[in-house]
Amino acid sequence: MKITHIEHIGIAVPDLAKAIEYYENVLGLKCYKTEVVEDQKVTTAFIKVGDTKIELLEATSPESTIAKFIEKNGGKGGIHHMAFSVEDGVANALAECEEKGVRLIDKEPRKGADGLDIAFLHPKSTESVLTELCEDPQK
């Protein structure tokens, strides 16, 4: 597997509008896209910092992973996951990780926000950091 860069840092937020306001008005960054990801039960907002993106995630359902994360975190948001871009395909990266004994959350790549193919690795196998592998199918 060849990781090319940090694709994004996923941050769970209880209030997306308030979070966007902070990043734009305090830090001077710009939200360039919001998107609802139905199957993940989230609304995302993307902010670019150099070559890296910040993905803000707000739950659209109490059953979503993000809602549960925020609940466990005392109603507050926080860093949810780290996403890495892989050059040789998410499916190949998953196979390599599984060969090395890494516990997979996703056995196959799936569609994620911002047009990416994604898959998650379980934090019990990744030094307690939920890890996302990403690939832009357009590149």
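The values are calculated or read from the model by the stated rules, or taken from the named source; none is laboratory data. In this text the structure is predicted, and so the values were computed from the model without any measurement. Note that we place each Cβ from the backbone using ideal geometry, even for glycine, and neighbour counts take in every protein chain shown. Please note that ligands, DNA and RNA were not included when accessible areas were found on the heavy atoms of the full protein model with its side chains. Shrake-Rupley method; radii C 1.70, N 1.55, O 1.52, S 1.80 Å.
Specify the residue that is farthest from residue 66 (Cα to Cα); the eligible residues are those in the range 1-50 that are of a type in the set (Ser, Thr, Tyr) and over 15 Å from the mean Cα position of the chain (by Cα).
At the first step, the residues of the range 1-50 found to be of a type in the set (Ser, Thr, Tyr) are 4, 22-23, 32, 34, 43-44.
Still in the running and over 15 Å from the mean Cα position of the chain (by Cα): 4, 22-23, 32.
Details: 4: 27, 22: 20, 23: 20, 32: 21 Å.
Residue satisfying both the conditions and the ranking: 4.
Determine whether the range 56-68 contains at least one residue that is in a loop (DSSP other than H, G, I, E, B) and under 21 Å from residue 7 (Cα atoms). If you could, list the steps in order and put the result at the bottom.
Of the range 56-68, the ones in a loop (DSSP other than H, G, I, E, B) are 60-64.
Among the residues that remain, those that are also under 21 Å from residue 7 (Cα atoms) are: none.
Checked against the condition, which is being in a loop (DSSP other than H, G, I, E, B) and under 21 Å from residue 7 (Cα atoms), the range 56-68 yields no hits at all.
If a residue has to be more than 17 Å from the chain's Cα centre (by Cα) and over 18 Å from residue 37 (Cα atoms) to count, how many in the range 51-88 make the cut?
Result for the range 51-88: 8.
If I go through the range 69-89 residue by residue, how many of them are surrounded by 13 or more Cβ atoms within 10 Å (Cβ to Cβ), in a loop (DSSP other than H, G, I, E, B) and among the small types (Gly, Ala, Ser)?
Here the count works out to 2.
Scan the range 109-139 for residues that are open to solvent by less than 50 Å² (accessible area, probe 1.4 Å), of a type in the set (S, T, N, Q) and within 24 Å of residue 36 (Cα to Cα) and jot them down.
Hit for the range 109-139 is 131, nothing else.
Hey, can you tell me all the residues within the range 90-108 that are within 17 Å of the chain's Cα centre (by Cα) and open to solvent by less than 50 Å² (accessible area, probe 1.4 Å)?
90, 93, 94, 104, 106
Starting from residues that are farther than 20 Å from residue 62 by Cβ and assigned to a loop (DSSP other than H, G, I, E, B), keep the ones in the range 13-43 and report whichever is most open to solvent (accessible area, probe 1.4 Å). Show your work before the answer.
Restricting attention to the range 13-43, the residues satisfying the condition of being farther than 20 Å from residue 62 by Cβ are 20-35.
Subset that is assigned to a loop (DSSP other than H, G, I, E, B): 27-30.
Values: 27: 85, 28: 63, 29: 46, 30: 137 Å².
Result: 30.
Which residue out of 11, 70 is at pLDDT 95 or above, under 24 Å from residue 120 (Cα atoms) and in contact with a His (Cβ under 7 Å, 6 or more places away or on another chain)?
On the way: 70 fails: in contact with a His (Cβ under 7 Å, 6 or more places away or on another chain).
Of 11, 70, the one residue that is at pLDDT 95 or above, under 24 Å from residue 120 (Cα atoms) and in contact with a His (Cβ under 7 Å, 6 or more places away or on another chain) is 11.
Residue check: is residue 51 of a type in the set (Asp, Glu), within 23 Å of residue 117 (Cβ to Cβ) and surrounded by fewer than 13 Cβ atoms within 10 Å (Cβ to Cβ)? Even if it seems obvious, please write down each step before you answer.
Values: of a type in the set (Asp, Glu): yes; within 23 Å of residue 117 (Cβ to Cβ): yes; surrounded by fewer than 13 Cβ atoms within 10 Å (Cβ to Cβ): yes.
Yes, satisfied.
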